[in-house]
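Notes for the one structure printed next.
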Number of protein chains: 2
Amino acid sequence: MCDRTEANVTEDAYAAYRDELIAAGLLIPLGVRGLYGRSGLFESIVDGFEGYITRMGSDLSPEVMRFPPIFSRSAYELTDHISNFPDLMGSIHHFPGNERDHQQLLQTFQRKEDWGQKLSTSELMLVPAACYPLYPTATGTLPEGGRRVDLKTFVFRHEPSDDPARMQIFRQREYVRLGSADDAYEHRNYWLARGKEMLASVGLNVTAVVANDPFFGRGGKVMKATQKEQDLKFELVVPICSTEKPTAVSSCNYHLDHFGVNFNIRTADGKPAHSACIGFGLERITLALLKQHGFRLESWPREVRDLLGL
Amino acid sequence: MCDRTEANVTEDAYAAYRDELIAAGLLIPLGVRGLYGRSGLFESIVDGFEGYITRMGSDLSPEVMRFPPIFSRSAYELTDHISNFPDLMGSIHHFPGNERDHQQLLQTFQRKEDWGQKLSTSELMLVPAACYPLYPTATGTLPEGGRRVDLKTFVFRHEPSDDPARMQIFRQREYVRLGSADDAYEHRNYWLARGKEMLASVGLNVTAVVANDPFFGRGGKVMKATQKEQDLKFELVVPICSTEKPTAVSSCNYHLDHFGVNFNIRTADGKPAHSACIGFGLERITLALLKQHGFRLESWPREVRDLLGL
């Protein structure tokens, strides 16, 4: 859902829309680039689109699982994130010391030095994608027919930006499929079409594009090209601040057996499970709706408000 | 909402209830003590109680603000948390390096050494209490009559435990008052009474007790005693795993002008603002309801289900 290369030409448009959102009280700046509070109106749009996702997924009867925004470091270490996206990670550190250690910590703090470096690595990481915490809980053999899971959590990406759609922490709502290669591939394609319809039905000018994840470094270039060649990742993009550089508000990913192998998840017939997901970026969709229809719900098209229960 | 001294006698009861919740699929273990996924049923109870809180607060027309589970380190540094509760903090660290640094990070990781220590201190911290991110946004002069704010976020406390009610990350829903000393004191007392009624109305055996925060170390003992003497903190406690050691599911706090002074928040007449909050621990309330009424909604009292829309 993110592409590292943004044209400078759109930087002004990003900052301008961010400032409009802040002036209207929809986003509340928190003193760090890409970190905001959300207003009640903003949240009501998030909730409205979430309700729509729930209704559109209900015929598939997914299991609902809700993970917190942190997960175990040992699970993180099985995901390859440290190899592929190290710059985006958030690692949680803590203070396990005694009172004497505490005095030293406070002295470092009072001298305005880097007191974070006195802390210890905890057993916890911030969640980089809503489906990551699922896989370690799915280790073992899947039921016949595999599983469909409905997820939502806050995900973290350390990428400070003036683009209001590139937040450091935001919510992903996902439908994940675990099963055979066919199950996963079909899920990805089903949701690519259905997600596109949903976004169009709320008045967004949506396009599906082949995409790649923002793999790190020179080695990452090969990974990006391979991912594109294999048509593994599609994004649903919508103009928010720029029509030339539309923003991915949803992504549909086929992971092959990557997570099945890494987390030892097997299908009923003993093969490594394949997986696929659609992720809806709830903040980005909300920002796109506010851009498209304006900041006052009263001026939104009646049919969009009805679909979202607003 | 937490008391550091737990009798060992209840440890077995904690582990037993945790295991029951896991066996029923209500909590999903994530490989770290005190860290769980939540099932759809669990979340529906959280949502139900949240709706009840919203209805009971609506006559006060609070501003709705939603902060993410992380906030700025510079705001954290103004809260005194590092002095009072260092052992509970969560500090976020990141990787700002180039490709050569990345190779070194990966080598440390592959040698199974402490790769977290190769990371840099970020500008971000996990949120320790739902109202902390509010105060830096309120710096300046309050409107006449002050403000009432409706908050919710995930809060983090690094305190691994077998007690399912002592999670490392959980949701607090809060009503915060910023205003004069009278405004804040009245808010605390109003919500102490109203919160108690609400918890009783859903069938919980609730008691209000004077309490203290879990201040760190020997110096913390004095802070605890002073806080209790001044009647600043009340907790609404409910038996979950133990009747002798009931669990705080809500707390009502009068902060005097602590946050007003630290964040330079002033009343319309120029004095440092006082503040107060009620915080509802949504996971703990859900765990108390499941303990009281059982794991099957069908067996819950009709009037409780009606109140919670379940």
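The values are calculated or read from the model by the stated rules, or taken from the named source; none is laboratory data. Keep in mind the model is a prediction, meaning the values are calculated, not measured. Cβ atoms come from the backbone with ideal geometry, glycine included; neighbour counts cover every protein chain shown. Surface areas here come from the heavy atoms of the whole protein model, side chains and all, with no ligands, DNA or RNA. Shrake-Rupley method; radii C 1.70, N 1.55, O 1.52, S 1.80 Å.
In this structure, A:Thr141 and B:Asp269 have a Cβ-Cβ separation that, at R0 = 60 Å, corresponds to a calculated FRET efficiency of about 0.30.
With protein chains left intact and a 1.4 Å probe, residues in region B:140-254 average 38 Å² of accessible area per residue. Under the criterion of Cα pairs below 8 Å and six or more residues apart, the relative contact order for region B:76-143 equals 41 percent. Ranked from shortest, the separations from the 7 Å Cα-to-Cβ label point of A:Asp59 to its equivalents in the other copies are 4.6 nm. Within chain B, the longest run free of GluC sites (Glu not before Pro) that sit in a DSSP loop with at most 12 other Cβ atoms within 10 Å is B:1-112.
What separates the A:Asn205 label point from its copies, with the point 7 Å along Cα to Cβ, is 6.4 nm, written shortest first. In region A:90-119, burial by the other protein chains removes 30 Å² or more of 1.4 Å probe accessible surface, compared with the chain on its own, from A:Ser91, A:Ile92, A:His93, A:His94, A:Phe95, A:Glu99, A:His102, A:Leu106, A:Phe109, A:Trp115, A:Gln117, A:Leu119. Overall shape: rounded for the protein assembly as shown, with the ratio a/c of the largest to smallest alpha carbon gyration tensor axis below 1.5. Applying a threshold of 29 Å to the alpha-carbon distances of A:Lys118/B:Lys112; A:Lys152/B:Lys245; B:Lys233/B:Lys271; B:Lys152/B:Lys224 flags A:Lys152/B:Lys245 as lying beyond it.
Whenever you get a sec, compute what percent of the accessible area on the protein assembly as shown sits on carbon and sulfur atoms (1.4 Å probe). Carbon-and-sulfur percentage of accessible area, whole number: 49. For chain B, averaging the sequence separation of C-alpha pairs within contact (under 8 Å, six or more residues apart) and dividing by the residue count gives a relative contact order of 22 percent. Computed from the C-beta positions of A:Phe295 and B:Met56 and an R0 of 35 Å, the FRET efficiency is 0.75 to the nearest 0.05. Panel note: contact residues of region B:174-223 (accessible area lowered by at least 50 Å² against the chain on its own; 1.4 Å probe) correspond to B:Phe216.
Calculated FRET efficiency, B:Glu197 to A:Thr207, Cβ-Cβ distance, R0 = 60 Å: about 0.70 to the nearest 0.05. Taking both sides together, the accessible area buried where B meets A is about 5200 Å² for a 1.4 Å probe. Across the copies of the chain, B:Gly31 has label points (7 Å from Cα along Cα→Cβ) spaced 3.5 nm apart, shortest distance listed first. For region B:59-143, the set of trypsin sites (Lys or Arg not before Pro) satisfying both a DSSP loop assignment and a count of at most 10 other C-beta atoms within 10 Å is given as B:Arg111, B:Lys112.
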